[in-house]
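The values are calculated or read from the model by the stated rules, or taken from the named source; none is laboratory data. Every value quoted in this text rests on a predicted model; they were computed, and no experiment measured them. Note that each Cβ is placed from the backbone with ideal geometry, even for glycine, and that neighbours are counted across all protein chains shown.
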Amino acid sequence: MRFRRMMGLLVGLVLSMSTAAAFALTVPVTGGPGLDQGEICLSGSLCPGTPTFTLGGTAAVSGSFTYNSGPGTVDFSLTLTAPAVFGPVTVLPGTTFSAVGVPVASFPLGGGAVAIAQSGFATGLVSPLLSAPPLTVIANTPEVSALSCFLGTGADQCGVSLGAGGLTVNGGGPNYDVFLTFNVNVPEPATMSLVGLGVLGLGWAGRKRA
């Protein structure tokens with residue numbers, strides 16, 4: 001009962017502000033499968049869908065996701081800490097996948113939990129792309145095709161998909177496009193930040209109904 005009263009006071013405090021103060025909420029990667037889906041496809045073919053090589057197993061990553069409440073965006077940076085094997089090609093630890101300013105909207109899920117989902121176009125960056133055998137990078141700005149985070153659920157997670165458009169490599173023959181999906185665990189954020197996210201989500205939902 002005391003917890004409910006405290007939450008009510010916090011929500012009331014945030015709602016009483018004429019303009020909500022912008023904040024940034026950063027959650028580090030704490031585990032999860034990491035890179036858990038991936039395809040390398042001949043350029044011009046459907047990718048994902050018609051792979052030449054497929055990711056053979058999960059590859060752990062480190063990094064973080066940052067939600068910026070002012071512009072309503074997410075920045076992320078994920079670095080391989082284990083090899084990612086695609087048949088004869090291995091993407092090596094140290095390869096970093098990142099993006100800045102991915103547009104998102106937040107949605108309350110009830111019970112203080114919040115979902116954050118991509119709401120517009122964005123591109124990322126792969127730098128450096130380390131592999132064995134070495135690949136020539138034709139393009140290293142993949143489309144961020146899906147990004148989502150679930151916070152305050154008790155089992156918080158973030159996921160992001162990159163490509164295949166914009167991430168193209170060459171191994172001495174034809175060009176190949178690369179598609180990658182990451183799924184990671186993140187810690188539950190602090191209560192005040194989560195309340196702020198929930199209020200923003202409620203505001204967004206109200207605008208949609210209007």
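Worth a mention:
- Checked against the criterion of being in contact (Cβ under 8 Å) with a residue 60 or more places away in the chain and of a type in the set (Val, Ile, Thr), the range 121-139 contains not a single residue that satisfies it.
- Residue check for Gly152: touching a helix residue (DSSP H, G or I) at 6+ places or on another chain (Cβ under 6 Å) and more than 15 Å from Pro48 (Cβ to Cβ): yes
- Checked against (1) in contact with a Leu (Cβ under 7 Å, 6 or more places away or on another chain); (2) of a type in the set (A, V, I, L, M); (3) under 19 Å from Pro33 (Cβ atoms), Leu135 meets all criteria but (3).
- Selection count where residues are at pLDDT 95 or above, surrounded by fewer than 18 Cβ atoms within 10 Å (Cβ to Cβ) and over 17 Å from the mean Cα position of the chain (by Cα), scope the range 14-44: 2
- Cross-chain or 6+ apart pairs with Cβ under 7 Å, the range 49-70 first and farther than 30 Å from Gly171 by Cα and at pLDDT 95 or above, then assigned to a loop (DSSP other than H, G, I, E, B) and not small (Gly, Ala, Ser): Ser64/Val29; Phe65/Val186
- Odd one out for Val114 among (1) closer than 13 Å to Leu35 by Cβ; (2) at pLDDT below 95; (3) hydrophobic (A, V, I, L, M, F, W, C): (1)
- Val114 meets each of the listed conditions (1) aliphatic (A, V, I, L, M); (2) out of contact with any helix residue (DSSP H, G or I) (no Cβ under 6 Å at 6 or more places or on another chain); (3) farther than 17 Å from Ala164 by Cα apart from (2).
- Scanning the range 52-69 for residues that are surrounded by fewer than 17 Cβ atoms within 10 Å (Cβ to Cβ), more than 21 Å from Pro28 (Cβ to Cβ) and of a type outside the set (Phe, Trp, Tyr) yields Thr52, Thr54, Gly56, Gly57.
- Looking only at the range 101-111, residues that are surrounded by 17 or more Cβ atoms within 10 Å (Cβ to Cβ) and out of contact with any helix residue (DSSP H, G or I) (no Cβ under 6 Å at 6 or more places or on another chain) come to 2 in all.
- Selected residue (criterion: farthest from Thr168 (Cα to Cα)) from residues of the range 76-98 that are within 14 Å of the chain's Cα centre (by Cα) and in contact (Cβ under 8 Å) with a residue 60 or more places away in the chain: Phe76
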